[in-house]
Amino acid sequence: MSKLLVFSFIQTSPLQLRNFFNNLVKARGINYSLGTLHKHHTSFSAELEKTINSEISFNNIKYLYKYVQQHSKWYQENDCVNRHYFNYLLLDPRVTNKLRERAGNLHKMDVWYTFLRAIFYVGKGKATRPYVHLKKAQKSLDEVNSIALVKDPKLALIVSIWRAKHGVLLMQAFHSISSEDAQTREASIIDALSMNHLTNRRLGVYCGPARSSLSSRERKYLGIALLHKLLGKFLATEECELYPLKSTKNFKDKAAIGA
């Protein structure tokens, strides 16, 4: 480090130094964070992993929105029956750690990566379907050697979150869509995140054009674009954790993050 640079730092106020380092973090290079090689190795699909390790790939997510637009348009025109379904995500608050509040001090790719890491289950349903998982987990909460927890990693993780004195984050998304629409969105998000990362025990099922026309890679592109849209919704809403209660009737919808 040159003497001139050292002298400049000495003459810099603490506030200016803090702003300098904040800007440095936000402007980090493709694979670098504060000058250190910084590449994430994840269980995500190869397509999704590129978006957390390459700033070019991350910025190109906007071009993947065409898959969402094509998907939505087809279902709006061809599947107008029984539009009572939605998708939902279960997230670990120990990973998000109030991400909305911290996002302003993080690089956008780090915000994206944190959001993705926090997701541990992807589902579809209607009415109170997401709360069924919480009800099942509640039954296993006080059991030391619960067979249900061994068989279902989703329930095991929910119980782990509760035992750590946290609540589960529930994010509902894409309301008022058909069953096949929700099923296809669920499948594409699962494929993007991959079964190796999630606690889902089975792959999703594709319907419509996604089944007949899209390649495996394009299906993942659809999932990546949907996840990116969900990140925006997540950051716009305060995190509200769901804790175990005596009855699932007490798990209020207002406690879930709506999208």
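Listing for the model above:
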| read-out | value |
| --- | --- |
| Conditions (1) more than 19 Å from residue 79 (Cα to Cα); (2) open to solvent by less than 50 Å² (accessible area, probe 1.4 Å); (3) free of Cβ contacts under 8 Å to residues at least 60 places away in the same chain; number of the one not met by residue 201 | (2) |
| Members of the range 207-232 found to be over 17 Å from residue 45 (Cα atoms) and open to solvent by less than 20 Å² (accessible area, probe 1.4 Å), listed by number | 207, 210, 230, 231 |
| The range 104-123 residues that are within 20 Å of residue 167 (Cβ to Cβ) and part of a helix (DSSP H, G or I), paired with ones that are of a type in the set (D, E, K, R) and open to solvent by 10 Å² or more (accessible area, probe 1.4 Å) (beta carbon under 6 Å, 6 or more apart) | 118/92 |
| Among (1) in a helix (DSSP H, G or I); (2) buried (at least 19 other Cβ atoms within 10 Å of the Cβ); (3) among the small types (Gly, Ala, Ser) - the single one residue 156 does not satisfy | (2) |
| Hits in the range 110-144 (condition: of a type in the set (Val, Ile, Thr) and surrounded by fewer than 22 Cβ atoms within 10 Å (Cβ to Cβ)) | 111, 114, 128, 132, 144 |
| Qualifying residue in the range 176-192 (condition: open to solvent by 10 Å² or more (accessible area, probe 1.4 Å), of a type in the set (Val, Ile, Thr) and in contact with a Lys or Arg (Cβ under 8 Å, 6 or more places away or on another chain)) | yes |
| Inter-residue pairs, beta-carbon under 8 Å, first under 22 Å from residue 181 (Cβ atoms) and in the range 125-139, second small (Gly, Ala, Ser) and part of a loop (DSSP other than H, G, I, E, B), 6+ apart | 130/256 |
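The values are calculated or read from the model by the stated rules, or taken from the named source; none is laboratory data. Remember, predicted model here, so these are calculated numbers, not experimental data. Note that each Cβ is placed from the backbone with ideal geometry, even for glycine, and that neighbours are counted across all protein chains shown. Please note that ligands, DNA and RNA were not included when accessible areas were found on the heavy atoms of the full protein model with its side chains. Shrake-Rupley method; radii C 1.70, N 1.55, O 1.52, S 1.80 Å.
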